[in-house]
Amino acid sequence: MKMAIIGSSILAPAILFLMLQYEAIHSAPTTYLVGDEEGWDLSISLEGWPKGKDLHAGDILEFIYDREDFNVVVVNQTGHDTCTVNDGATEFNSGDDKIPLIFGANYFICSKKEGACAVGMKMAINATAPPPPPPPPPSK
């Protein structure tokens with residue numbers, strides 16, 4: 001009987017630890033490289049890049065670009081539609097920026113290189129609510 005009590009007192013914390021690790025791994029935000037291999041650049045259609053991706057609030061967009069030529073500006077819908085930097089916009093210019101998505105509409109433009117936004121260096125994303133954590137694995 002004593003062996004069963006000792007065994008269960010060790011097993012319960014181990015199972016709890018594994019369940020917490022499982023949940024932490026499976027509910028972590030995803031990081032997406034904007035533009036894939038090409039990055040934040042004029043060489044691809046950035047407006048089309050998000051299509052087919054399941055983007056959630058809290059996920060992170062990583063913008064890699066030549067900071068001598070480009071930047072990333074988080075704007076509102078008017079700024080996106082007109083390629084202008086609106087009041088309250090946030091500019092990033094490190095060349096490797098990681099920007100978390102907020103729930104709902106997210107708008108990004110390039111304002112550093114003249115005309116870049118007008119020819120497609122802009123992007124609109126609708127981030128959905130984060131998925132619920134998966135259920136814990138069945139206990140035996």
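The values are calculated or read from the model by the stated rules, or taken from the named source; none is laboratory data. Owing to the predicted nature of the structure, the values given are computational and were not obtained by experimental measurement. All Cβ positions, glycine included, derive from the backbone under ideal geometry; neighbour counts span all protein chains shown.
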Problem set entry | Entirely in the stretch 68-133, the strands (runs of 3 or more DSSP E) that have 1 or more residues that are closer than 17 Å to residue 43 by Cβ and at pLDDT 95 or above | 72-75, 104-109, 122-127
Exercise. Would you call residue 138 in a loop (DSSP other than H, G, I, E, B), closer than 17 Å to residue 29 by Cα and at pLDDT below 95?
Worked result: no
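Is there a residue being in contact with an Asp or Glu (Cβ under 6 Å, 6 or more places away or on another chain), aromatic (Phe, Trp, Tyr) and at pLDDT 95 or above anywhere in the stretch 52-63?
Yes, that holds for at least one residue.
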For this session: Of all residues in the stretch 112-132, count the ones that are within 23 Å of the chain's Cα centre (by Cα), exposed (fewer than 13 other Cβ atoms within 10 Å of the Cβ) and farther than 19 Å from residue 48 by Cα.
Result: 3
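Any residue at all in the stretch 95-111 that is of a type in the set (D, E, K, R), more than 15 Å from residue 35 (Cα to Cα) and exposed (fewer than 15 other Cβ atoms within 10 Å of the Cβ)? Explain how you work it out, then say what you get.
In the first step, residues of the stretch 95-111 are kept if they are of a type in the set (D, E, K, R); the result is 96-98.
Next cut, more than 15 Å from residue 35 (Cα to Cα) only: none.
No - not one qualifying residue is present in the stretch 95-111.
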